[in-house]
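The values are calculated or read from the model by the stated rules, or taken from the named source; none is laboratory data. No experiment lies behind these values; they were computed from the predicted model shown. Here Cβ is always computed from backbone atoms with ideal geometry, including for glycine, and neighbour counts include all displayed protein chains. Ligands, DNA and RNA are stripped out before the accessible areas are found, and what is left, the full protein with its side chains, is counted by its heavy atoms. Shrake-Rupley method; radii C 1.70, N 1.55, O 1.52, S 1.80 Å.
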Amino acid sequence: MDHDLQLRAATPDDHDWIHELRHRVYAEELGQHPVDPSGRLRDGLDGDTVYLVAARGETRIGFVGLTPPWVGRYSLDKYLTREELPILTEEEPFEIRILTVEERWRSTAAAPLLMYAALRWAAARGGRRVVAMGRTELLDMYLAAGLRPVGRTVRSGAVSFEVLSGSVAGLTRTVAERHGRTLERLRAGLDWRLDVPFAPRADGCEHGGAFFSAIGTDFRTLTRRHEVVAADVLDAWFPPAPEVRAVLSEDPGWSARTSPPTGAEGLLAELARARGLPSESLVVGAGSSDLIFRAFGRWLTPGSRVLLLDPSYGEYAHVTERVIGCRVDRLRLRREDGWLLDPDRLAAATRSGEYDLVVVVNPNNPTGRHAPADALRAVIEATPERTRWWIDEAYLGYVAPADSLAGLASVDPRVVVCTSLSKMYALSGMRAAYLVAHRDTAGELRRWTPPWPVSLPAQLAAVTALRHPAYYEERWARTAVLRRELAAGLAQLDGLSSVDEGVANFLTVTLPPDGPSAALLVGECRRHDVYLRDLSPMSPSYEGRTVRFAVRDTAENARIVAACRSALEALRARMAVPVTSGAPAGRASR
């Protein structure tokens, strides 16, 4: 089955076969349901279930169904209450259901391939956990696949089922390990039509920066940068201050070959002066990710418990869950609340002191929402001393730099403020960041900081940028104007549900449930050399329908709007005929 093998979302033409195969297997073969004179088996979730189909040429081989959490109900609700199965409410899982293969193909890799496809589809929409019902007599097979019983058994007709659960990342690894050679062999001849890459990133953490695939990561075709709109990362649209460019160009050979000050002493001193903070409360690093890995690796263990906002910057979930293995809970921000962080909900979640670390990105990326510092300070002060707070203020300059909690962090051992110099000072390529902490905390982290943590060009650029605040303040103000212009241009396009500005150097666009997925829009825009960010893998709250746009200059913003217009027109034309999109065909009811 390795030739002409196709994996796709079900088309309307597939649905009758799906209902007929379900009847043959679950009514006639297994006796789970009564035989229906129509020879078809349907249920109330059919309109909301996403079906993925494996086919060989014109021959359909099998299918699998997924019920996303935003549907608001699961097939398991027919058998157990939410009190009996709290995982449905607490974890917001994707339900994988009715994995079914035609009898003649059951000895092939069809079932593992469909399972793998379902896991990739769920992961691409922010799925972290799945639930399923597995036939009791096949329990060993499910256990070998990485699923685990949750302690509930249900009976449906003549069939007994175990309720099973597993993490999307863990199950994906297990399927790849058990069937890796087969999947790789199939991959060569596989017509993979889902709007998600066949394989996850090697490190498991999704970031922007796909635009470099068009420029070339080998740097041999750098002139392509003039043709590409890099709106999938939040780099500044403006260049560094003229004085920064001057100091970098004065003697680049010297700055390239010369070792920097060992402990970035000059940068620390300039940060202390510019921010009005004691230098002993500062720690520098090669970007905020450097500081996150260094600090979290010192503070946390697999036994630690962490609270994150959801949606929020994906690096935090990656480091805490996948690298360290902490127990991570999420405070879900809600679309109906305008993605705003409710201080009362945060206080209720943290006042017990059960968390070792709470992470708040403020302004939040990717929602673009800002919580006032006074409100956060009140929540922090009401929490027990054992809970450490990490406040990420990478985008605070777009709101009000004075609204920082850095002063609190310098005197309160529970609080750390992390700030990247990349986005606000147009230094993303330089990799420079700092954190503010109590002197004892900062001293501990400095002991675990290697020498020369920030390169000499980066130190020169950062110090010079901090000495010329007027230039950057004007650029930050101009960013708000450009953001409003981009939002207005996108709002005029047909085929979008909403355009949401936020307060930083980006905005988000949401697509309607019956339209193309975010991944399809992002992919189509790349045909025009415009690179956008599909937010789907960051959180199931985005339902696979939200795209983030970095604010660019006037000319590039116009290219973004034009590319989206062309992409939406092309996708609408494609969806007018029975083609596959990988997006849910049903409504997104709650």
(message) Taking the conditions exactly as written (farther than 30 Å from Val509 by Cα and without any contact (Cβ under 8 Å) to a residue 24 or more places away in the chain), does Glu354 satisfy them or not?
(response) no
(message) Go through region 516-543 and report how many residues are in a loop (DSSP other than H, G, I, E, B) and touching a strand residue (DSSP E or B) at 6+ places or on another chain (Cβ under 7 Å).
(response) 4
(request) Would you please name the residue that is most open to solvent (accessible area, probe 1.4 Å), looking only at residues in region 74-89 that are in a helix (DSSP H, G or I) and not basic (Lys, Arg)? (result) Thr89
(request) Check off (1) surrounded by 15 or more Cβ atoms within 10 Å (Cβ to Cβ); (2) more than 20 Å from Phe296 (Cα to Cα) for Val323 and give me the number that stays unchecked. (result) (2)
(request) State yes or no: is Arg152 loosely packed, with under 15 Cβ neighbours inside 10 Å and farther than 20 Å from Ala111 by Cα? (result) no
(request) Would you confirm whether any residue within region 34-46 is within 30 Å of Arg335 (Cα to Cα), under 27 Å from the mean Cα position of the chain (by Cα) and open to solvent by 20 Å² or more (accessible area, probe 1.4 Å)? (result) no
(request) Evaluate region 26-48: report whether one residue or more is of a type outside the set (Phe, Trp, Tyr), in contact with an Asp or Glu (Cβ under 9 Å, 6 or more places away or on another chain), in contact (Cβ under 8 Å) with a residue 40 or more places away in the chain and not in a loop (DSSP other than H, G, I, E, B). (result) no
(request) Can you tell me which residue within region 326-354, out of those that are in a helix (DSSP H, G or I) and within 16 Å of Glu90 (Cβ to Cβ), is least open to solvent (accessible area, probe 1.4 Å)? (result) Ala349
(request) Quick one: in region 372-398, of everything that is aliphatic (A, V, I, L, M) and surrounded by fewer than 20 Cβ atoms within 10 Å (Cβ to Cβ), which residue is nearest to the chain's Cα centre (by Cα)? (result) Ala375
(message) Just to check your reading of the model, which residue among Trp105, Trp121 is crowded, with 23+ Cβ neighbours inside 10 Å and either among the aromatic types (Phe, Trp, Tyr) or in contact with a Cys (Cβ under 7 Å, 6 or more places away or on another chain) (or both)?
(response) Trp121
(request) Scan Val415, Val454 and give me the residue that is within 22 Å of Asn364 (Cβ to Cβ), over 24 Å from the mean Cα position of the chain (by Cα) and hydrophobic (A, V, I, L, M, F, W, C). (result) Val415
(message) Looking at (1) surrounded by fewer than 21 Cβ atoms within 10 Å (Cβ to Cβ); (2) more than 21 Å from Thr449 (Cβ to Cβ); (3) under 22 Å from the mean Cα position of the chain (by Cα), which one does Gly297 not meet, given that it meets all the others?
(response) (2)
(message) So Leu507 passes all but one of these: (1) closer than 22 Å to Arg334 by Cβ; (2) free of Cβ contacts under 8 Å to residues at least 60 places away in the same chain; (3) surrounded by fewer than 23 Cβ atoms within 10 Å (Cβ to Cβ); (4) in contact with an Asp or Glu (Cβ under 8 Å, 6 or more places away or on another chain). Which condition number does it fail?
(response) (2)
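What are the residues in region 1-33 that are acidic (Asp, Glu), open to solvent by 40 Å² or more (accessible area, probe 1.4 Å) and either under 20 Å from Ala109 (Cβ atoms) or out of contact with any Leu (no Cβ under 9 Å at 6 or more places or on another chain) (or both), if any?
Of all residues in region 1-33, those acidic (Asp, Glu) come to 2, 4, 13-14, 16, 20, 28-29.
Subset that is open to solvent by 40 Å² or more (accessible area, probe 1.4 Å): 2, 4, 13, 16, 20, 28-29.
Once the filter is applied, which keeps residues that are acidic (Asp, Glu), open to solvent by 40 Å² or more (accessible area, probe 1.4 Å) and either under 20 Å from Ala109 (Cβ atoms) or out of contact with any Leu (no Cβ under 9 Å at 6 or more places or on another chain) (or both), region 1-33 yields Asp2, Asp4, Asp13, Asp16, Glu28, Glu29.
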